[in-house]
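Single-structure report; data block below.
Every read-out reported here was derived from the displayed coordinates using simple, explicitly stated rules and does not represent laboratory data. Owing to the predicted nature of the structure, the values given are computational and were not obtained by experimental measurement. Neighbour counts are summed over all protein chains in view; Cβ atoms, including those assigned to glycine, are modelled from backbone coordinates with ideal geometry.
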Amino acid sequence: MVAVQIQVGDLVQASGHAGPWLVVEVSKGMASLQHPDGHRLSVRTTALSVVRKATRPSGEIDSSGGADGEPTGDAPTLFD
């Protein structure tokens, strides 16, 4: 079995906790999770199973603008 890397934006199931949970932060083998009802939980990433991967990797730039989702407008490019 291939290990799946947990990343921000994934929906996961945490062992022993009703879910699914949204991954809001990953650091040093721990994941901060948020339940749709607002509760937060921190667990080891090894105790998680992915229900649905994030639609785009964290920090990836989408077609509508910059990495933070803001339109880039007439920002200079590498080729300007």
For Met30, what charge total do you get from the other residues with a beta carbon under 13 Å from its beta carbon, if Lys and Arg give +1 and Asp and Glu give -1? +2
In nanometres, what is the gap between the two model label sites at Ser15 and Ser27, each 7 Å from Cα along Cα-to-Cβ? 2.4 nm
Enumerate the calculated ³J(HN,Hα) couplings along the stretch 44-55 in order (Karplus 6.51 cos²θ - 1.76 cosθ + 1.60, θ = phi - 60°), each rounded to whole Hz, writing x wherever the residue is Gly or Pro. 5, 5, 6, 8, 10, 10, 6, 8, 8, 6, 4, 5
Ordered by number, the trypsin sites (Lys or Arg not before Pro) in the stretch 5-48 that occupy a DSSP loop and have at most 12 other Cβ atoms within 10 Å are Lys28
